[in-house]
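Q: Just dropping this structure here.
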Amino acid sequence: MSLRFYDTRARSVRDFAPLREGRVSLYLCGATVQAAPHIGHIRSGVNFDILRRWLTYLGYEVTFCRNVTDIDDKILNIASDEGVEWWAVSERNQRAFTWAYDVLGCLPPSVEPRATGHIPEMIELMGRLIDKGHAYPAGDGSGDVYFDVLSFPRYGELSNQRVDQMRGAGDTDDERAKRDPRDFALWKGARPGEPSWDTPWGRGRPGWHLECSAMSTKYLGPTFDIHGGGVDLLFPHHENELAQSNAAGDGFARYWLHNGMLTMSGEKMSKSLGNSLLIPDLVRRVRPVELRYYLAQAQYRSVIDFSEEALQEAASAFQRVEGFLTRAVEIAGTVAPAAQVPTEFAAALNDDLNVSQGLATLHGQVREGNAALTEGAKEQAARCAANVRAMLGVLGLDPLAHPWVDSRETGLREVVDALVSVALEQRQAARARKDYAAADAIRDQLTQAGIVVEDTPHGPRWELRRN
Ligand SMILES: [Zn+2]
């Protein structure tokens, strides 16, 4: 099956063909760095990281641009409340986002542009829109520049809405300067005490929507392949991006992919609901790789309703996969990932990135591999393990690969392995001389140190106790 995606704009599944052969350009609306990320923010990062990895696996050279919105009303309000500069707030939160993406194994984007670093590009785009009659500076001298919604008949096509049924954009306190309440701000005129930049239409700062059009065009060209983001950004943000770029004469995104929300008891996660789950808290309860598995396992368009129980179930499911790989490597020696993933797994990921379907194939291979281990069929077990590693690699979840295997930790594991072996040999010797009290004492000491010993037909094996 060839690669296909559900395209929000077409409202149907479409075969994917890139603009340029062998290359894919991908834009993802990144963080508005108002606060440290919660799990809902990072879901999109993980979903599109898997998309990028899958495209790379298929042989495409991927240019991945994920922006940072480093200025907006809320960032300015926080800075004012704390008595610090606005950039101190965005810098701090951007670092928290970068840490969270890294800790969950998301590959860094090809480029991560910040809005305030692209003012000239925004001025150029506004100039084109004004020249073509699709934008206008506010007549009240405020410095605001608005997009003229009624001048663009296709406004509403992405979110499938009719303009005559839309409410006002609600992005300014004073709507009087607008020709129509639905017109949205491209540029916000300077207010006292706020940061501002010069433009031909007065000093001010970027509107949120304009920056994504300006930055995607700069790094990916006027027409590019895939635009991604959370479905909560569909309107007004993505609708406005599309309108600005198309009205200026740019082709913009050819496919629109939206990931589903992460909810808690059916409600969208947000700080205002007081139900946010921050990444540092979560990675204390499960390991980062388990949290990634939890976020990755659902098809990207589906809603994930967060529960602690489901998180722990995902961690256990991942541990079963990991346990199989550990045992397979112990019995069969080193197992390299297979060069190709199984056909059914490829078909699942080609079908609108259906990771949950792909995981069914993966767990099937784990079951088959475990049965082979029990029967002592080494080669078959190794074959399954190679397939499992190949599939996990595409999902960024291979426990035997970077970043989950740290080289220093591997060295440490060898040392611990040698020490545990000495202890286990003494335990065997104690048993042989029927000194069961000594044998049990050795086992208890290992347990106290966090080492779980399991007796298998191939002799005792150990692993670190979880939790
Ligand atoms: Zn955006």
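Rule-based calculations on the coordinates, nothing more; no lab input. These numbers come from a predicted model, not from an experiment. Glycine also receives a Cβ, built like all others from the backbone with ideal geometry; neighbour counts cover every protein chain displayed.
Q: Starting from the amide H of ALA338, placed 1.01 Å from N in the peptide plane, find each other amide H under 5 Å away whose residue is 5 or more places distant or on another chain.
A: ASN387, ARG389, ALA390
Q: Moving on to the next point. Using θ = phi - 60° and the Karplus curve 6.51 cos²θ - 1.76 cosθ + 1.60, what whole-Hz ³J(HN,Hα) does each residue of region 308-318 get, with Gly and Pro shown as x?
A: 4, 4, 5, 5, 5, 4, 5, 4, 5, 4, 5
Q: Still on this structure: Which percentage, to the nearest 5, of the DSSP beta bridges contained in the chain is antiparallel? Write out the running numbers ahead of the final one.
A: Working: 23 of 46 bridges.
Just about 50 percent of them are antiparallel.
Q: Nearest 0.05, what FRET efficiency do ALA336 and THR223 give at R0 = 41 Å with Cβ-Cβ as r? Can you show the working numbers first?
A: Working: r = 40 Å, r/R0 = 0.97.
Efficiency computed from Cβ-Cβ geometry: 0.55.
Q: Can you tell me the dipole magnitude for region 408-464 around its Cα centre, using point charges on the Cβ only (Lys, Arg +1; Asp, Glu -1), in Debye to the nearest 20? Could you put the intermediate results ahead of the total?
A: Details: 8 positive and 10 negative charges, 35 e Å.
The calculated dipole for region 408-464 is roughly 160 debye.
Q: Could you give the dipole magnitude of the chain about its Cα centre, charging the beta-carbon of Lys and Arg +1 and that of Asp and Glu -1, in debye to the nearest 20? Display every interim value, and only then the final one.
A: Details: 52 positive and 63 negative charges, 168 e Å.
For the chain, the charge dipole is close to 800 debye.
Q: Can you compute the helix-only [θ] at 222 nm over the chain? Use -39500 (n - 2.57) per DSSP H run of at least 4 residues, normalise by all residues, nearest 500 deg cm²/dmol. Don't jump to the answer; show the numbers that get you there.
A: Values: 14 runs with 209 residues, N = 467.
Counting only the DSSP helices, I get -14500 deg cm²/dmol.
Q: Moving on. Just to confirm my numbers, what's the Cα centroid distance between region 340-383 and region 162-222 in Å?
A: Here the answer is 50 Å between Cα centres.
Q: Can you give me the angle between helix 208-220 and the longest principal axis of the chain, using Cα atoms only, in degrees from 0 to 90, rounded to the nearest 10?
A: 70 degrees
Q: Under 5 Å between amide hydrogens, which residues at least 5 positions from ASP148 or on another chain qualify, with H placed 1.01 Å from N in the peptide plane?
A: Residues meeting the amide H criterion: ALA135, TYR136.
Q: Relative to the present Cα-Cα distance, how much length would full extension add between GLU82 and ASP305 at 0.36 nm per residue of separation? Please list the in-between numbers first.
A: Numbers: separation 223, 0.36 × 223 = 80.28 nm, distance 3.36 nm.
76.9 nm is the gain from fully extending GLU82 to ASP305.
Q: For ASP7, what residues show an amide H to amide H distance below 5 Å, using hydrogens built from the backbone and excluding near sequence neighbours?
A: Excluding prolines and chain starts, which carry no amide H, the hits are SER12, VAL13, ARG14.
Q: Tell me the label-point distance for the pair LEU58, LEU419, using the 7 Å Cα-to-Cβ offset, in nm and rounded to one decimal.
A: It is 4.8 nm.
Q: Shape call for region 84-125 from the C-alpha gyration tensor, a ≥ b ≥ c root eigenvalues: rounded (a/c under 1.5), prolate (a/b greater than b/c) or oblate? Spell out each step's value before the answer.
A: Working: a/c = 5.31, a/b = 1.41, b/c = 3.76.
Verdict is oblate for region 84-125.
Q: If each residue of separation counts as 0.36 nm, what is the full-extension length gain between ARG191 and SER12 once their alpha-carbon separation is subtracted? If you can, show how the numbers build up before the last one.
A: Details: separation 179, 0.36 × 179 = 64.44 nm, distance 4.40 nm.
That works out to 60.0 nm of additional length.
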